[in-house]
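The values are calculated or read from the model by the stated rules, or taken from the named source; none is laboratory data. It should be emphasised that the depicted structure is a prediction, and the values quoted were computed from it without experimental measurement. Note that we place each Cβ from the backbone using ideal geometry, even for glycine, and neighbour counts take in every protein chain shown. Areas reflect the complete protein model, heavy atoms only, side chains present, ligands, DNA and RNA absent. Shrake-Rupley method; radii C 1.70, N 1.55, O 1.52, S 1.80 Å.
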Amino acid sequence: LAAVGSRAGDVVSWHGGQSLPVTAFLGSVVGEFVFHGCDLAGTVGQKWPIERRDALPIVDFFIAVTPLMLDAKSTSGLTATYELRFRGYEAATFVFNNGALSVTPGPATRADVRISLDPVAFLCVGYKRAGLTSAILTGQAIAWGRRPWLALGFPGLFQTP
């Protein structure tokens, strides 16, 4: 991570020729190790805790690739602004406009829904290792705003590769 930090502005090629910032690409690699390691540990009955420090580069990856992973059926006609606040890290604004998505760093000026999330819980939901309901019931995800119910459908707006 430290070595890549000096090259944070660099861009590399990812799947299908898509370009990603090198830090997001690194997050994809960390995600593969963390979540497939978790799967393998589970098959042999071992625990595999996911550390917050390992989750943060994966969050950067998710932020970078979500516009490439939209579920066209779920996002068609959707116009909404989501502010995701990753606890102890950064916020990102997701603006859906009739099937298109733009993601920008930082909080939203005006959001339909604001979601505060534990980064590890967010990734477990995103990688389909846990449900959003579980994260909500344990306080790892909280939503509020003008249209808080939109938070419940957020995971379904994306396809998983």
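From Cα pairs below 8 angstrom and at least 6 apart in sequence, can you work out the relative contact order of the chain, rounded to a whole percent?
Averaging sequence separation for qualifying contacts and normalising by length gives 18 percent for the chain.
Ignoring ligands, DNA and RNA, what accessible area per residue does the chain give at 1.4 Å, in Å²?
Per residue, the chain has an accessible area of 55 Å².
Given 55, 88, 140, which one lies farthest toward the positive end of the charge dipole of region 1-144, if we put +1 on the Cβ of every Lys and Arg and -1 on the Cβ of every Asp and Glu?
140
I'd like the distance between the alpha-carbon centres of region 55-97 and region 110-161, rounded to an integer number of Å.
The two parts, judged by their Cα centres, are 10 Å apart.
If you take all C-alpha pairs in the chain, what percent of them are over 21 Å apart?
Percent of Cα pairs beyond 21 Å in the chain: 47.
Using a probe of 1.4 angstrom, how much of the accessible area of region 72-161 is carbon and sulfur, in percent?
Carbon-and-sulfur percentage of accessible area, whole number: 57.
Based on the Cβ-Cβ distance of residue 79 and residue 40, what FRET efficiency does E = 1/(1 + (r/R0)^6) give at R0 = 25 Å, to the nearest 0.05?
Calculated transfer efficiency: 0.05.
Can you order the peptides 134-146, 57-69, 10-22, 107-119 by their average number of other Cβ atoms within 10 Å per residue, highest first?
57-69, 107-119, 134-146, 10-22
Sorted from largest down, what three extents in whole angstroms do the Cα atoms of region 68-136 have along their principal axes?
Ordered largest first, region 68-136 gives principal extents of 29, 27, 20 Å.
How large is the dipole of the chain about the Cα centre if only Lys and Arg carry +1 and Asp and Glu carry -1, each at its Cβ, rounded to the nearest 20 debye?
380 debye
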